[in-house]
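Q: Quick one: structure below, then a few questions.
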Amino acid sequence: MSEAPAQPGPAMAMRTVQHSWFHRNRIKLAPWLFLAPALIFFAIYVVIPIFQSIWISFYEWDGLYNADGSTRATWVGVQHYIDLMDDDRFMTSLKNNVLWLVLFMLAVPIGLGIALFLNQTVTGIRLYKSLFFFPFVISQVVVGLIFSWFYNPNFGVVGFVWEFFGATPPAILADEDLVTYGIIAAGLWPQIAYCMILYLTGLNNVSPDQIEAGRLDGAKGWKMLWHVILPQLWPATFLAIVVTVIGALRSFDMIAIMTQGGPYGSSNVLSYYMYETALSEYGYRYGYGSAIAVVLFAIMLIFISFFLWKMWRDEKGN
């Protein structure tokens, strides 16, 4: 007499259900599995420190602990943010950051102009592209040193040019009125190269059919650029603007190499003033430095959120 086949038990049914759910959703899960390591590192090294900085900004703390391991931080609430409003060095740094933000935007149109110039087939164009690309691959430290020598009134190029015309060369990095403009010019050199690369990549994706259609409609010169080419370069323009805004707001390395915030703090920016306050000569005020970092992050978040919203709106419209 044959036995009836065994009925699947609850455990077997649960395994079947679990396996079938994973099997049905494997396409949706695969991208997240690949993204998981990057998301974990991003959360540990970016997201969590942001919230830690916000939390520390409400304390007066020198970064040290007591012998028993307890913290020496004292709760002060929003007092640090109130003190920032009366801090002349903070206001100078904020003003310089605004100046950086405005003048650094010159990198976008200049990079576009150079890319349009290099986007042609002539003898030696690869050499020209390499020369324009060179500032992007060298370190910011090297750029700062090069321009420090360039601005030197005794042996720099600026000094030789002024003496050639019979004038006294200016000490740009020692002049409170000129130093910020001199550092911004140094920072623009590699930033223009980066924007140029973005636009050269975008020009390779411009549709020749649309260009031909524009020519048939009589578009040429500025009309061709404005109505046909630039709309197709919007992704490159968006990325160039976002990266340039971020570069203008942080701008730490050029200040640290060229002036260390001098003379008399006139070239300071928020990122370097934050470093000075938290880790340098002003006494390891971690809470006050964190408050400066939060302000800088808020400014950057406003700009980046605006550009992301605009990009989302444009994509939705398309």
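Q: Provide the per-residue ³J(HN,Hα) series for segment 39-48, in order, calculated from phi with Karplus coefficients 6.51, -1.76, 1.60 and θ = phi - 60°, each as a whole number of Hz, with x at glycine and proline positions.
A: Once θ is set to phi - 60°, the couplings for segment 39-48 become 5, 5, 5, 5, 5, 6, 9, 10, 5, 4 Hz.
Q: Ok, one more. In the chain, if the dipole is taken from +1 on Lys/Arg beta carbons and -1 on Asp/Glu beta carbons about the Cα centre, which of 149, 251, 59 is farthest to the positive end?
A: Farthest along the dipole direction, towards plus: 251.
Q: Please work out the FRET efficiency for the pair residue 252 and residue 25, using the Cβ-Cβ distance as r and a Förster radius of 41 Å; give the result to the nearest 0.05.
A: 0.40
Q: Could I ask something else about it? Amide H of residue 59 versus every other amide H placed in the peptide plane: which residues, excluding those fewer than 5 positions away on the same chain, fall under 5 Å?
A: Counting only residues 5 or more places away or on other chains, the set is 76.
Q: At 222 nm, what value in deg cm²/dmol follows for the chain if DSSP H runs of at least 4 each add -39500 (n - 2.57) and the sum is divided by all its residues, to the nearest 500?
A: Result for the chain: -21500 deg cm²/dmol, rounded to the nearest 500.
Q: Right, something else. Mean separation of Cα pairs under 8 Å and 6+ residues apart, divided by the residue count of segment 63-169: what relative contact order is that in percent?
A: 7 percent
Q: Quick one: putting +1 on the C-beta of Lys and Arg, -1 on the C-beta of Asp and Glu, what dipole do you get for segment 87-284 around its Cα centre, in Debye to the nearest 20?
A: 700 debye
Q: Please list, by residue number, everything in segment 107-122 whose backbone N is under 18 Å from a paramagnetic label point 7 Å out along Cα→Cβ of residue 136.
A: 107-121
Q: For a protection proxy built on the mean count of beta-carbon atoms within 10 angstrom, sort 297-310, 131-144, 227-240 highest first, please.
A: So the order, starting with the most tightly packed, is 227-240, 131-144, 297-310.
Q: For segment 87-284, what relative contact order do you get, as a whole percent, if you take Cα pairs closer than 8 Å and at least 6 residues apart?
A: That works out to 34 percent.
Q: Oh, and also: If one computes the Cα centroid of segment 136-186 and of segment 238-274, what distance in Å separates the two points?
A: Computed from Cα coordinates, the inter-centre distance equals 17 Å.
Every read-out reported here was derived from the displayed coordinates using simple, explicitly stated rules and does not represent laboratory data. Note that the structure is predicted; figures quoted are calculated from it, not measured. FYI the Cβ positions are ideal-geometry reconstructions off the backbone, even for glycines, and counts take in every protein chain you see.
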